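The values are calculated or read from the model by the stated rules, or taken from the named source; none is laboratory data. Since the model is a prediction, treat every value here as computed from it, not as a measurement. Here the Cβ is made from the backbone with ideal geometry for all residues, glycine too, and neighbour counts use every protein chain on show.
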Amino acid sequence: MLAFHLLAAFSIASALVLFSVMVYSGRRMTTLEETRMLFRIGPIGGILIGAGIGLVFLFGVILAFSDDRFDIWDGWIIAGIILWAAFAAVGQRTGKYYTDLQKLTEQDGNEAEVLARLRAPTGALLHLATVGLFVLILLDMIFKPGA
Amino acid sequence: MRPDSINLAVFVHVLGAMVLVGGLVTAAAAALIGWSDEAAGLRRFSYRTLLIVAFPGWIVMFAGALWSESKEKLENADLAWLGIGHIAAEGGGLLLIIALILGGIGQRKSRGDDVNGLVKASSIIATFLVAVYVVAIWAMGAKPT
């Protein structure tokens, strides 16, 4: 079960790396055509993070119940679940920001507006917060504070 | 439960592995999506991701692996999961370097948006490495004997 939990976590991490590269590259885009090209790889990240978020929680809970060393009410597991919920909520907001931007790009929106939104700090900061929460979950899962 | 002294090394190892796998997935996705594009934009994006994200990730993952192995005193242990990890880390690293060299030569040789066989070979290696590391992640979690 730990193997599946790990694979699901890596699926999320892969999506976060993909989105990080997109956010960084997006800030350097100069035309609408380049931006459209960049957004073509976005759906892969969407699939990875969508599947990963659900599965990591499912396998994590099964693991907590099936492994004698852990209990679902252990402090570090509760902290992990709270961080997971915060991660999902912030991630959803980040996803909405960039999905709206992708729609604008595909509908031949104003080039200047698209590029300005790609360079605006809002999306990048939301993404940074999502990555930060994921790293906190990783630290919690590895160090298991209080266990 | 691992002693806390080992956890930092494991954290470095896992974080590096996540960046490595994420970089490989991104590079492979961009290469496959842009495979038959006339414009070379996504293929260049794929190569740059391999170089700037996946390769540094591999270095951190490998350093973390050696560090945690020495902390856990597993250098001479004969364990199947550790063997799979070594093959994936060392063999995968070698393949990654080959992919970077092929892709680098391919990028230099390609004219404008011309598709180059070497760049495609580099993308195929990156895609293969994603599969290799999925097996390695499974082995690290399942710890087969």
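Annotation: A:Lys144 fulfils all but one of (1) within 14 Å of chain B (Cβ to nearest Cβ); (2) within 15 Å of A:Phe39 (Cα to Cα); the unmet one is (2). For region A:21-33, residues that are surrounded by fewer than 16 Cβ atoms within 10 Å (Cβ to Cβ) and either over 18 Å from the mean Cα position of the chain (by Cα) or in contact (Cβ under 8 Å) with a residue 24 or more places away in the chain (or both) total 5. For the condition under 30 Å from B:Gly141 (Cβ atoms), more than 13 Å from chain B (Cβ to nearest Cβ) and surrounded by 19 or more Cβ atoms within 10 Å (Cβ to Cβ), A:Ile77 qualifies. Of the numbered criteria (1) crowded, with 17+ Cβ neighbours inside 10 Å; (2) in contact (Cβ under 8 Å) with a residue 24 or more places away in the chain; (3) within 7 Å of chain B (Cβ to nearest Cβ), the one A:Leu2 fails is (1).
This table checks each residue for (1) over 13 Å from the mean Cα position of the chain (by Cα); (2) within 14 Å of chain A (Cβ to nearest Cβ); (3) in a helix (DSSP H, G or I); (4) touching a residue at least 12 places away in the same chain (Cβ under 8 Å).
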residue	(1), (2), (3), (4)
B:Asp78	yes, no, no, no
B:Gly93	no, no, yes, yes
B:Arg108	yes, no, yes, no
B:Thr127	no, yes, yes, yes
B:Tyr133	no, yes, yes, yes
B:Ile137	no, yes, yes, yes
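Scanning region A:35-58 for residues that are surrounded by fewer than 19 Cβ atoms within 10 Å (Cβ to Cβ) and facing another protein chain (nearest Cβ under 8 Å) yields a single hit, A:Arg40. Of the residues making up region B:45-76, just one is hydrophobic (A, V, I, L, M, F, W, C), more than 18 Å from B:Leu15 (Cα to Cα) and away from every other protein chain (no Cβ under 14 Å), namely B:Leu74. Taken as a whole, the condition of being in contact with a Phe, Trp or Tyr (Cβ under 8 Å, 6 or more places away or on another chain), under 17 Å from A:Ser11 (Cα atoms) and part of a helix (DSSP H, G or I) does not apply to A:Leu58.
Filtering region B:2-23 down to residues that are aliphatic (A, V, I, L, M) and more than 8 Å from chain A (Cβ to nearest Cβ), which residue is farthest from A:Leu18 (Cα to Cα)?
B:Ile6
Pairing each residue of region B:38-59 that is on the phi < 0 side of the Ramachandran plot with any residue that is at pLDDT below 90 and buried (at least 22 other Cβ atoms within 10 Å of the Cβ), provided the two are 6+ apart or on different chains, yields C-beta distances under 6 Å for B:Leu42/B:Gly34; B:Arg43/B:Gly34; B:Arg43/B:Val119. All of A:Leu83, A:Leu7, A:Leu63, A:Leu18 fail the test of being within 14 Å of chain B (Cβ to nearest Cβ), more than 12 Å from the chain's Cα centre (by Cα), within 25 Å of B:His13 (Cβ to Cβ) and modelled with pLDDT of 95 or more, apart from A:Leu7.
With respect to A:Asp71, is the statement that it is acidic (Asp, Glu) and under 27 Å from B:Arg2 (Cβ atoms) true? Considered against the rule, which asks whether it is acidic (Asp, Glu) and under 27 Å from B:Arg2 (Cβ atoms), A:Asp71 comes out as yes.
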